[in-house]
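S.K.: Sharing a structure below in structure tokens format, with a few things to ask.
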Amino acid sequence: MELLVLSVSFTILLVVGVPVAFSIGLASIVTVLYAGLPVAIVFQKMVGGMQVFSFLAIPFFVFAGELMLYGGIADRIVRLANSLVGHVRGGLGMSNVIGCTLFGGVAGSPLADVSAMGSVMIPLMKKEGYDADYAVNVTTHAALVGALMPTSHNLIIFALATTGIASVSVLSLILAGLIPALLLTVCNLAAAYYVAVKRGYPTRGAFPGWREVLLALLGALPGLLIVFIILGGILSGIFTATESAATAVLWAMLVTALVYRSLSWHDFLKACAKACKTTGVVLLLIGISSAFGYFMAMYEVPQKTGALMTSVSDQPWVIFLMINVLLFILGTFLDMAATILICTPIFLPIAAQFGMDPVQFGIVMLINCALGLNTPPVGVTQFVGCAIGGVSVGQVMRSILPFYGALTACLLLVTYVPAFSLWLPSMFR
């Protein structure tokens with residue numbers, strides 16, 4: 001009965017529009033009161049959940065991404081992407097995919113990626129004769145790659161969500177996300193090219209030459225180096241994952257303020273304010289979810305969910321498919337961090353029981369959450385893209401299937417071919 005109270009109260013609060021963090025907290029309090037337990041349990045679990053040293057990586061990665069967002073690196077990445085693929089059919093769409101991938105590696109945030117790259121590419125694509133729904137779909141789907149990149153704070157959140165369930169290192173997750181990120185980019189390029197050919201979009205000039213590519217690369221290289229600094233520093237043992245986040249902030253400040261000289265004092269303050277707001281929301285979710293997770297463990301939610309799934313089928317591929325479907329549905333209603341924190345304790349033990357490695361499950365979880373970011377009713381990246389493109393969500397959804405297909409193909413490959421996410425981490429063990 002307590003589990004029913006927890007689930008029903010949480011669902012009702014979400015449906016009536018209460019923010020996710022408060023829905024989780026209030027549902028936990030209602031459950032405590034019904035069970036006759038001390039209300040202090042909720043607050044003890046909340047405070048304890050946030051008192052983890054590794055959480056320092058989250059505000060640092062968020063701040064580094066905001067500095068890059070306001071520091072002008074997007075324009076340089078657009079120039080590099082255009083010099084590489086801007087001349088092929090639907091070239092601006094292809095450039096958009098490449099640019100979003102590169103900026104996602106720097107910012108580590110799909111939302112920041114859409115905001116930065118969308119502000120540059122969507123108006124440019126519309127000016128060149130591309131349909132607004134195509135421009136928005138290319139941008140919002142390509143931006144999702146940022147969730148898998150080394151600078152993504154969601155990798156840190158997942159690693160911490162596995163505490164007490166499995167031993168998952170941040171380094172393994174960072175390495176595991178690289179090949180799926182490349183695979184997702186290839187799938188997005190294929191979808192962008194397919195739609196461009198189908199709609200008859202023209203080519204855009206000739207290849208500018210390798211000299212232009214080299215100049216564009218040199219211009220964007222200082223910002224792009226942040227990915228190699230993080231990976232190289234951790235792999236060489238110079239600093240830990242938490243220290244790498246602080247190093248990323250320092251490098252972002254040096255590049256934007258001294259190398260590019262594009263970060264004004266006003267933009268710096270905006271980056272600070274946005275980073276503080278995002279960090280506050282994430283840490284509140286982490287704390288509240290710790291209390292929520294306590295009750296899920298107490299009332300054996302993972303075991304009951306696993307028993308329900310195995311009553312349907314005992315085939316691993318069916319179980320993994322059910323997990324993907326449930327994660328996708330939940331991701332359309334919950335924020336990415338909330339989905340990770342709530343669903344990891346439930347589905348990770350089930351996936352592990354049927355042979356899926358926790359690191360692989362982490363990448364599957366992140367891709368599912370990224371897909372949810374582009375699906376109403378929550379779909380924040382899609383809403384931002386539509387606002388920039390001046391087009392309705394309904395119009396974008398009518399032409400979204402090729403891009404959904406690209407993401408789904410990537411998700412299924414990562415789910416059923418473990419080597420895509422596990423080969424690279426295995427090389428550094």
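The values are calculated or read from the model by the stated rules, or taken from the named source; none is laboratory data. Just so we're clear, the structure is a prediction, and the values are computed from it rather than from any experiment. Every residue, glycine as well, gets a Cβ built from its backbone with ideal geometry; the counts of neighbours run over all protein chains shown.
S.K.: Give the residues of region 116-132 that are among the charged types (D, E, K, R) and either in contact with a Leu (Cβ under 8 Å, 6 or more places away or on another chain) or outside any loop (DSSP other than H, G, I, E, B) (or both), sorted by residue number.
M.R.: Answer for region 116-132, where residues must be among the charged types (D, E, K, R) and either in contact with a Leu (Cβ under 8 Å, 6 or more places away or on another chain) or outside any loop (DSSP other than H, G, I, E, B) (or both): Lys126, Lys127, Glu128.
S.K.: Let me ask another. Inside region 225-261, can you point out the residues that are of a type in the set (Asp, Glu) and under 12 Å from Pro150 (Cα atoms)?
M.R.: Selection gives nothing.
S.K.: Condition check: out of contact with any Pro (no Cβ under 6 Å at 6 or more places or on another chain) and modelled with pLDDT of 90 or more. Does Leu217 satisfy that?
M.R.: No, not satisfied.
S.K.: Every residue in region 138-169 that is modelled with pLDDT under 85, over 23 Å from Leu182 (Cβ atoms) and polar (S, T, N, Q), please.
M.R.: Thr163, Ser167 - these are the residues of region 138-169 that are modelled with pLDDT under 85, over 23 Å from Leu182 (Cβ atoms) and polar (S, T, N, Q).
S.K.: Here is a further query. For region 327-364, which positions are aliphatic (A, V, I, L, M), under 24 Å from Val15 (Cβ atoms), assigned to a helix (DSSP H, G or I) and in contact (Cβ under 8 Å) with a residue 60 or more places away in the chain?
M.R.: Answer for region 327-364, where residues must be aliphatic (A, V, I, L, M), under 24 Å from Val15 (Cβ atoms), assigned to a helix (DSSP H, G or I) and in contact (Cβ under 8 Å) with a residue 60 or more places away in the chain: Met336, Ala337, Ala338, Ile340, Leu341, Ile342.
S.K.: Taking region 391-429, which residues are loosely packed, with under 14 Cβ neighbours inside 10 Å and either within 24 Å of Asp335 (Cα to Cα) or among the basic types (Lys, Arg) (or both)?
M.R.: Selection gives Ser392, Gly394, Arg398, Leu401, Arg429.
S.K.: If you check Ser290, Ser262, which single one turns out to be among the small types (Gly, Ala, Ser), under 30 Å from Phe63 (Cβ atoms), touching a Lys or Arg at 6+ places or on another chain (Cβ under 7 Å) and touching a residue at least 12 places away in the same chain (Cβ under 8 Å)?
M.R.: Of Ser290, Ser262, the one residue that is among the small types (Gly, Ala, Ser), under 30 Å from Phe63 (Cβ atoms), touching a Lys or Arg at 6+ places or on another chain (Cβ under 7 Å) and touching a residue at least 12 places away in the same chain (Cβ under 8 Å) is Ser290.
S.K.: When residues of region 283-315 are filtered for being within 15 Å of Val32 (Cβ to Cβ) and not in a loop (DSSP other than H, G, I, E, B), how many remain?
M.R.: 10
S.K.: Is it the case that some residue within region 374-383 is hydroxyl-bearing (Ser, Thr, Tyr), more than 17 Å from Val20 (Cα to Cα) and surrounded by fewer than 18 Cβ atoms within 10 Å (Cβ to Cβ)?
M.R.: no
S.K.: When residues of region 161-209 are filtered for being under 20 Å from Gly405 (Cα atoms) and basic (Lys, Arg), how many remain?
M.R.: Result for region 161-209: 2.
S.K.: Another question, then. Look at Gly164 and say whether it is free of Cβ contacts under 8 Å to residues at least 60 places away in the same chain, within 27 Å of Ile342 (Cβ to Cβ) and out of contact with any Phe, Trp or Tyr (no Cβ under 9 Å at 6 or more places or on another chain).
M.R.: In short, yes.
S.K.: So for region 138-153 (the condition being of a type in the set (A, V, I, L, M, F, W, C), touching a residue at least 60 places away in the same chain (Cβ under 8 Å) and outside any helix (DSSP H, G or I)), does at least one residue qualify?
M.R.: The answer is yes, given that some residue of region 138-153 is of a type in the set (A, V, I, L, M, F, W, C), touching a residue at least 60 places away in the same chain (Cβ under 8 Å) and outside any helix (DSSP H, G or I).
S.K.: Sticking with this one: Do you know which residues across region 283-308 are more than 21 Å from Phe158 (Cβ to Cβ) and not hydroxyl-bearing (Ser, Thr, Tyr)?
M.R.: Met298, Glu300, Gln303, Lys304, Ala307, Leu308
S.K.: From Ile323, Ile350, grab the single residue that is modelled with pLDDT of 85 or more and either among the small types (Gly, Ala, Ser) or surrounded by 23 or more Cβ atoms within 10 Å (Cβ to Cβ) (or both).
M.R.: Step by step, each of Ile323, Ile350 is checked, and only Ile323 is modelled with pLDDT of 85 or more and either among the small types (Gly, Ala, Ser) or surrounded by 23 or more Cβ atoms within 10 Å (Cβ to Cβ) (or both).
S.K.: Got a sec? Which of Ala135, Ala196, Ala190 is touching a helix residue (DSSP H, G or I) at 6+ places or on another chain (Cβ under 8 Å), within 25 Å of Val417 (Cα to Cα), part of a helix (DSSP H, G or I) and at pLDDT 85 or above?
M.R.: Ala190
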